[in-house]
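Data first, discussion second: the structure below is written as structure tokens.
The values are calculated or read from the model by the stated rules, or taken from the named source; none is laboratory data. None of the values given here were measured: they were computed from a predicted structure. Cβ placement follows ideal geometry from the backbone for every residue including glycine, while neighbour counts extend to all protein chains displayed.
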Amino acid sequence: MYGHVQQLVEEIQKGAVSMASVEGIEAKLWQVNIIPEIFSDEVLGKMSVPLNGNVPFKPPNEVVDVDGFIFGFPTRFGMMAAQFKAFLDATGGLWRTQQLARKPACLFFRTGSQGDGQESTSLTAVTQLTHHGMIFVPIRYKFGARMFEIENVKGGSPYGAGT
């Protein structure tokens, strides 16, 4: 709603675009929200929510031709946001025909505070990928000894982006 996931997407896209220099690889960015916005543009404006019309929408039935995914979404009460869950719920036909099976998928998400359900969000999201037969490609622990520092509060996790 406030652009935090969008900021993360832009950084991830930079890396994906650099991979796109490899022949045969193309990186595209889509929104997958299939739930209509419940707030009017006027209310969103009063909430200082930036309206994002630059990223095209991709309906569930059009993701079949994608070779791999990096899914990003906000965390709501330790779970994926309802908008992303609705998108996955709408892929039942793809599940039935196993059209997403064996496709790699990575997850990242944004939490609103330190911790804030990162582990439970990852665990509940992975079940969706598993049902489709997708190959979960986790963001690994890669911070070495820095991940054990406790002097300062910091965000981020191997499960996705934190605060």
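The numbered conditions (1) closer than 19 Å to VAL5 by Cα; (2) part of a loop (DSSP other than H, G, I, E, B); (3) in contact with a helix residue (DSSP H, G or I) (Cβ under 8 Å, 6 or more places away or on another chain) are all true for VAL64 except (1).
Can you find even one residue in segment 145-157 that is outside any loop (DSSP other than H, G, I, E, B), out of contact with any Phe, Trp or Tyr (no Cβ under 6 Å at 6 or more places or on another chain) and modelled with pLDDT of 75 or more? I'd like the intermediate steps shown before the answer.
Within segment 145-157, the first condition is being outside any loop (DSSP other than H, G, I, E, B), and the residues that meet it are 145-148, 157.
Within this subset, residues satisfying the condition of being out of contact with any Phe, Trp or Tyr (no Cβ under 6 Å at 6 or more places or on another chain) are 145-148, 157.
In the following step, the residues that additionally are modelled with pLDDT of 75 or more were identified as none.
No - not one qualifying residue is present in segment 145-157.
The set of residues in segment 70-128 being assigned to a helix (DSSP H, G or I), modelled with pLDDT of 90 or more and more than 13 Å from the chain's Cα centre (by Cα) consists of ASP89, GLY92, GLY93, LEU94, TRP95, ARG96, THR127.
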